[in-house]
Amino acid sequence: MTPDNATTFEALKIRCGQMPTSEFRGDTRVVIGQDKLLEAMRLLKGSRGFDLLVDVTCVDYLKYRDAAHRFGLVYLLANTATNERLTVRVYLDEPELAVPTMFPLWSGAEWLEREVYDMFGIEFVGHPDLRRILMPDEFTAFPLRKDYPLQGRGSGTIFKGFREPRPDANALCIVSVRLSFHVDR
Amino acid sequence: MSIAEPISEAEVESREDYLWTLNFGPQHPATHTTLRLVLKLDGERVVDATPDIGFLHSGFEKEGEHLDYNQYVTITDRMNYISPVANNVAWHGAVEKLLGIEITPRCKYIRTIVSELARISDHLLSTGAMGLDVGAFTFFLYAFYQREVIYDIFETLSGQRFHPSLTRVGGLAYDFTPLVIEKIRTFIKNFPVTLDDMERLLNRNRIFVDRTKGVGVLTKERVTNRSATGPVARASGVTRDLRKDEPYLAYADFDFQVCCATAGDCFARYYLRMAEMRESLKILTQAIENVPAGPINVGVDERKTLPNKAQVYQTIEGTITHFELVMANRGFEVPTEETYAAIESPNGELGFYVVGDGSNVAYRARCRPPSYIHFALFPELIRGHTLSDVVAVLGSLNIIAAELDR
């Protein structure tokens, strides 16, 4: 931990109370509560000079050993003047998957948060344009969640308004209609 | 009617009737890759642009959760395929940080050299394609001739031109042979001549300068606020360069400068890339003559890196290490931790956020893609400029759609 990090933690403690911090191979990390996030980030941006939001990402801890929470949001911050880096983590649990957007502080958060929303379904309250970005708009699942399989679930189950024939008595009838359609063509 | 009177939504719509919408892409020769822009035009002037991306999304991060630490390097090759080795180095840099491996000095030097070759290759493509889009065809051919030489070096080194997958956990797949070193030396000798020619072609070319100067201006404050890094940020006056600020690999050993421009327009971004290639050449010149002797991989007894075939078949330590790393129920000793490591890739800060869960496969492999972050800047760069400036701005940002969508 650099002296800069120690000062940052001290400032955070005064403003927002004691927070769990940790260090691993030179990365310093702090865990902030969902409700105090915006206040803490304002402090970090304003008086601690973290002017670069390096990345916003998320980890789904569904199958992680000894995990206490479902999702961990990760904000990677950097101070371009002092080269200080800080990893801010926020743990989220269903059903309250919403955090305030960081767009007013760092406008670079716009697309980064959209991607997290697209892949994990975390809602960023106050985001100006929270739509899917990489997946099509009609998609209904969140592909980077751990309960979503690698091979996907097939187009029939994850697109709105698309219904696949159910495997019952009617199914045979539908298949035959389709076949005759193709033969006619 | 007073000016301040509010106007209804229908009226706004009717006033905007004369604007028309143009779809640019997904298949368009000037996008070079697959991305779509919906442009709102007032005559030839772009009023607004809405990027629509995701056409090349193929779940690279999801695959990272199912391929082991060595296998995933082939996927990173396909992210920014213009400079694949930089991605390899970034990925295994992050993995080695997670696993706590200190690589050998020779490996550090070789990784530095290939990263700089990748940087030159990437900058040649981005300036070359930008020249091509604004009408400088000869410039593009000069650039691509030299890229071919770099591909040839990678082919000699790894057997692959495009996707070398050069790195492994704790080392490299291939060592430098005398032939590779000779080819790099020849490249270092010949490249400055081409670079001079290229600069003479465009730096004072009236058409090129008129089309790029003052187009797509980004201020220093905006650039950092929008998370941009690399050449895009440095062209606007930001001096941040991870090679200097957080020296990784062997960068601390070399004498080079961080290039910086203040104009922040397309011309500045072009000019900066040209200048950076000269600095890369400086690093290459110093590095290639000082490659330390010794092994490229960490020791076999550490059980951190795959031994080569001779070791596997002829020594018992090699056989055991190979067995330990390859068998599905064994493998690397991975802490249940998470870490982030970044390098200064040709396009900007390229980092990986890796979460380990004790198994051979990353629990989460997040890539921080510079192209994705830079493309978000596009609407504000193009607003108010003409349709023909779209290609100049796109070219200067160097958007690689495979990295954009992953």
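The values are calculated or read from the model by the stated rules, or taken from the named source; none is laboratory data. The shown structure was predicted, so the numbers you read here are calculated from the model rather than taken from an experiment. Neighbour counts are summed over all protein chains in view; Cβ atoms, including those assigned to glycine, are modelled from backbone coordinates with ideal geometry. Ligands, DNA and RNA are excluded from the accessible area calculation, which covers all protein heavy atoms including side chains. Shrake-Rupley method; radii C 1.70, N 1.55, O 1.52, S 1.80 Å.
Which of the residues belonging to region B:372-405 are within 11 Å of chain A (Cβ to nearest Cβ) and under 21 Å from the mean Cα position of the chain (by Cα)?
In the first step, residues of region B:372-405 are kept if they are within 11 Å of chain A (Cβ to nearest Cβ); the result is B:372-380, B:404-405.
Across region B:372-405, the qualifying residues are B:Y372, B:I373, B:H374, B:F375, B:A376, B:L377, B:F378, B:L404, B:D405.
So, in region A:1-34, of the ones that are assigned to a loop (DSSP other than H, G, I, E, B) and open to solvent by less than 40 Å² (accessible area, probe 1.4 Å), which residue ends up modelled with the lowest pLDDT?
A:G17
Residues that are within 14 Å of chain A (Cβ to nearest Cβ), of a type outside the set (K, R), outside any loop (DSSP other than H, G, I, E, B) and without any contact (Cβ under 8 Å) to a residue 60 or more places away in the chain: does region B:97-107 have at least one?
We begin by selecting, within region B:97-107, every residue within 14 Å of chain A (Cβ to nearest Cβ); these are B:97-102.
Then drop every residue that is not of a type outside the set (K, R), which leaves B:98-102.
Those still in the list that are outside any loop (DSSP other than H, G, I, E, B) too: B:98-99.
Keeping just the survivors that are without any contact (Cβ under 8 Å) to a residue 60 or more places away in the chain gives none.
Checking region B:97-107: not a single residue is within 14 Å of chain A (Cβ to nearest Cβ), of a type outside the set (K, R), outside any loop (DSSP other than H, G, I, E, B) and without any contact (Cβ under 8 Å) to a residue 60 or more places away in the chain.
In this structure, does B:A10 turn out to be surrounded by fewer than 16 Cβ atoms within 10 Å (Cβ to Cβ) and farther than 25 Å from A:D137 by Cα?
Numbers: surrounded by fewer than 16 Cβ atoms within 10 Å (Cβ to Cβ): yes; farther than 25 Å from A:D137 by Cα: yes.
Yes, satisfied.
Is it fair to say B:T76 is closer than 26 Å to B:K189 by Cα and either of a type in the set (S, T, N, Q) or assigned to a helix (DSSP H, G or I) (or both)?
Working: closer than 26 Å to B:K189 by Cα: no; either of a type in the set (S, T, N, Q) or assigned to a helix (DSSP H, G or I) (or both): yes.
No, not satisfied.
Would you mind stating whether B:G358 is surrounded by fewer than 21 Cβ atoms within 10 Å (Cβ to Cβ) and facing another protein chain (nearest Cβ under 8 Å)?
Yes; evaluated as a whole, the condition is true for this residue.
Taking the criterion of being assigned to a loop (DSSP other than H, G, I, E, B) and not charged (D, E, K, R), would at least one residue in region B:82-91 satisfy it?
Yes, some residue in region B:82-91 is assigned to a loop (DSSP other than H, G, I, E, B) and not charged (D, E, K, R).
How many of the residues in region A:133-145 are within 8 Å of another protein chain (Cβ to nearest Cβ) and open to solvent by 20 Å² or more (accessible area, probe 1.4 Å)? Spell out how you get there, then give the answer.
Applying the first criterion (within 8 Å of another protein chain (Cβ to nearest Cβ)) to region A:133-145 yields A:133-136, A:143-144.
From the residues that got through so far, the ones that are open to solvent by 20 Å² or more (accessible area, probe 1.4 Å) too are A:135-136.
Residues flagged as within 8 Å of another protein chain (Cβ to nearest Cβ) and open to solvent by 20 Å² or more (accessible area, probe 1.4 Å) within region A:133-145 amount to 2.
Per-residue answers, yes or no, for (1) out of contact with any strand residue (DSSP E or B) (no Cβ under 9 Å at 6 or more places or on another chain); (2) away from every other protein chain (no Cβ under 14 Å); (3) closer than 26 Å to B:G299 by Cα:
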residue	(1), (2), (3)
B:T74	yes, yes, yes
B:N88	no, yes, yes
B:Y109	yes, yes, yes
B:T127	yes, yes, no
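Looking only at region A:47-103, count how many residues are touching a Gly at 6+ places or on another chain (Cβ under 6 Å), β-branched (V, I, T) and within 13 Å of another protein chain (Cβ to nearest Cβ).
Summing the residues that are touching a Gly at 6+ places or on another chain (Cβ under 6 Å), β-branched (V, I, T) and within 13 Å of another protein chain (Cβ to nearest Cβ) in region A:47-103 gives 1.
Would you be able to say whether some residue in region B:100-110 is open to solvent by less than 10 Å² (accessible area, probe 1.4 Å) and modelled with pLDDT of 90 or more?
Yes, region B:100-110 contains a residue that is open to solvent by less than 10 Å² (accessible area, probe 1.4 Å) and modelled with pLDDT of 90 or more.
Specify which of the listed residues (B:G299, B:G294, B:G214) is open to solvent by 10 Å² or more (accessible area, probe 1.4 Å) and touching a Pro at 6+ places or on another chain (Cβ under 8 Å). Walk me through it before giving the result.
Values: B:G299 fails: touching a Pro at 6+ places or on another chain (Cβ under 8 Å); B:G214 fails: touching a Pro at 6+ places or on another chain (Cβ under 8 Å).
When all the criteria are applied, what remains is B:G294.
Out of B:R243, B:R222, B:R226, I need the residue that is crowded, with 19+ Cβ neighbours inside 10 Å, touching a residue at least 40 places away in the same chain (Cβ under 8 Å) and within 11 Å of chain A (Cβ to nearest Cβ). Which one?
Criteria check complete, one pass: B:R226.
Please count how many residues of region B:130-143 are open to solvent by 10 Å² or more (accessible area, probe 1.4 Å) and either touching a residue at least 40 places away in the same chain (Cβ under 8 Å) or not aromatic (F, W, Y) (or both).
At the first step, the residues of region B:130-143 found to be open to solvent by 10 Å² or more (accessible area, probe 1.4 Å) are B:132-138, B:140-142.
Cutting the leftovers down to either touching a residue at least 40 places away in the same chain (Cβ under 8 Å) or not aromatic (F, W, Y) (or both) gives us B:132-136, B:138, B:141-142.
Total meeting the criteria: 8.
Report, by residue number, each residue of region A:104-115 that is crowded, with 20+ Cβ neighbours inside 10 Å and more than 10 Å from chain B (Cβ to nearest Cβ).
Scanning region A:104-115 gives a single hit, A:E113.
So, in region B:332-346, exactly how many residues are open to solvent by less than 20 Å² (accessible area, probe 1.4 Å), modelled with pLDDT under 90 and away from chain A (no Cβ under 13 Å)?
1
Take the residues of region B:169-196 that are touching a helix residue (DSSP H, G or I) at 6+ places or on another chain (Cβ under 7 Å) and of a type in the set (D, E, K, R): which is surrounded by the most Cβ atoms within 10 Å (Cβ to Cβ)?
Of everything passing the filter in region B:169-196, B:K183 is surrounded by the most Cβ atoms within 10 Å (Cβ to Cβ).
When you go through B:K304, B:K309 one by one, which is the residue that is farther than 28 Å from B:R243 by Cβ and either within 22 Å of the chain's Cα centre (by Cα) or more than 14 Å from chain A (Cβ to nearest Cβ) (or both)?
B:K309
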